[in-house]
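Trainee: Handing you this structure, nothing more for now.
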Amino acid sequence: MALLPFLLQVKKLLIPEIAYPTYKVGGILAGAQVIEVDIDASHWPTDGIDLAWINSPSNPTGRVHSDAELIAAIEWSRNSGAVLASDECYLSFPDTKQGRSVLSLATGNNKGLLAIHSLSKRSNLAGYRGSFIAGDAQLIKKLLEIRKHMGMMVPLPVQMATAAALKDETHVQQQAVRYKNRRAVLRQALESLGFKVEFSEAGLYLWCSRDEEDWQTVAWFADRGVLVTPGSFYGEKGARHVRIALTATDEKITEAAKRLSA
């Protein structure tokens, strides 16, 4: 993800206004102009844009984009000639909503479309750096050729571990249930304390606010022994929110909810 703008020699890049920071970092590494946009692709600029990122379910908000929103982004890509890169690393973890791959809405025409998947989240294999990209065959051919010369081949043991993980859905479904249950436990505790939980429809995060500056909320949680991430890490529009990860154990999540409620 960080290298995609560099590998495609991107000069102008669109990213979500609340987003995983690596999209912006990737643009900076490529020396590209980075422009933040909302999800409504009808408002996106087209002049000179080379690449746009979308992310559903979203990190940090857990927002699941509608089919209409994804189709509008596809149409924008086709009309502008820019690449649309879809970060789909959280598709495996639905809650109140189920996300869709952008490729499932492309009616068989993947030109200009890239879908990125990672086992870091799907199978808890972050240290393995196992992932794959699907979509426009010509774009993928170009990326593979460049990566080969950069010495970025995936080691065989990682390839084998990735293949083994992708063949098994049972562990993914079990993890999805864990995240759903953890979200319910924490959400109930937070809402009872006056927090507003927004989106958090899928994935493994809660996006919430007490309608105050994010670092004040971070301090409130820290005083109670709970670490959360300030929303401003993900863009200026997140400056009154915090992101809470559901990656601790069930026992730790339950303990945290009781501590907050007390």
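We did not get these values from a lab; they are worked out from the coordinates using the rules stated. Quick caveat: nothing in here was measured; it's all calculated off a predicted structure. Using ideal geometry, Cβ is built from the backbone for each residue, glycine included, and neighbour counts are taken over all protein chains shown.
Trainee: In debye to the nearest 20, how big a dipole does the chain give about its Cα centre with +1 on each Lys and Arg Cβ and -1 on each Asp and Glu Cβ?
Mentor: On the way: 30 positive and 28 negative charges, 151 e Å.
Charge dipole, the chain, about its Cα centre: 720 debye, nearest 20.
Trainee: Here's something else I'd like to know. Would you work out if segment 1-156 is rounded, prolate or oblate? Take a ≥ b ≥ c from the square roots of the eigenvalues of the alpha-carbon gyration tensor; rounded if a/c is under 1.5, else prolate when a/b is larger than b/c, oblate otherwise. Please list the in-between numbers first.
Mentor: Values: a/c = 1.39, a/b = 1.07, b/c = 1.30.
Verdict is rounded for segment 1-156.
Trainee: Before rounding to the nearest 500, sum -39500 (n - 2.57) across all DSSP H runs of length at least 4 in the chain and divide by the residue total; then give [θ] at 222 nm in deg cm²/dmol.
Mentor: Details: 9 runs with 99 residues, N = 262.
It comes out at -11500 deg cm²/dmol, rounded to the nearest 500.
Trainee: Here's a follow-up. Provide the net charge surrounding Ser58, with neighbours chosen by a C-beta distance below 10 Å and charges set as Lys +1, Arg +1, Asp -1, Glu -1.
Mentor: Details: positive: Arg63; negative: Asp87, Glu201.
Overall, the nearby charge balance is -1.
Trainee: When only alpha-carbon atoms count, how far does segment 91-192 stretch along each of its three principal axes, as whole angstroms with the largest first?
Mentor: 54, 35, 24 Å, listed from the longest principal axis down.
Trainee: Against the 2.2 N^0.38 Å scaling, with N counting residues, where does segment 170-261 land? I'd like the Cα-based Rg ratio to two decimal places.
Mentor: After normalising by residue count via 2.2 N^0.38 Å, the value is 1.05.
Trainee: Ok, one more. Using volume of the Cα convex hull per residue in Å³ as the read-out, say which of (i) 133; (ii) 679; (iii) 430 was calculated from these coordinates.
Mentor: Given (i) 133; (ii) 679; (iii) 430, the structure-derived one carries the label (i).
Trainee: Follow-up. How long is the gain from Lys111 to Ala239 if the chain were fully straight, where each residue apart is worth 0.36 nm and the alpha carbon distance is subtracted? Intermediate values should be presented prior to the final figure.
Mentor: Numbers: separation 128, 0.36 × 128 = 46.08 nm, distance 3.62 nm.
Extending this stretch completely gives an extra 42.5 nm.
Trainee: Okay, moving on. Once you have the Cα-Cα distance between Ala163 and Ser261, take 0.36 nm times their residue separation minus that, and quote the gain in nm to one decimal. All intermediate terms of the calculation are to be shown ahead of the outcome.
Mentor: Details: separation 98, 0.36 × 98 = 35.28 nm, distance 4.29 nm.
So the extension gain works out to 31.0 nm.
Trainee: Modelling each spin label as a point 7 Å along the Cα-to-Cβ direction, I'd like the Gln173/Asp67 distance in nm, to one decimal.
Mentor: In this crude label model, Gln173 to Asp67 measures out at 2.4 nm.
Trainee: Rounded to whole Hz and in sequence order, give me ³J(HN,Hα) for segment 175-181 from the Karplus expression 6.51 cos²θ - 1.76 cosθ + 1.60, θ = phi - 60°, writing x for Gly and Pro.
Mentor: Those phi angles translate into 5, 4, 5, 4, 5, 4, 5 Hz.
Trainee: Which of Leu91, Leu143, Leu51 moves most in a GNM of the chain, Cα contacts under 10 Å?
Mentor: In this elastic network of the chain, the residue with the biggest mean-square fluctuation among Leu91, Leu143, Leu51 is Leu143.
Trainee: Okay, moving on. What residue among Val10, Asn59, Val37 has its Cα farthest toward the positive end of the dipole of segment 4-166, where the charges are +1 on Lys, Arg and -1 on Asp, Glu, each on the Cβ?
Mentor: Among Val10, Asn59, Val37, the one farthest towards the positive end of the dipole of segment 4-166 is Val10.
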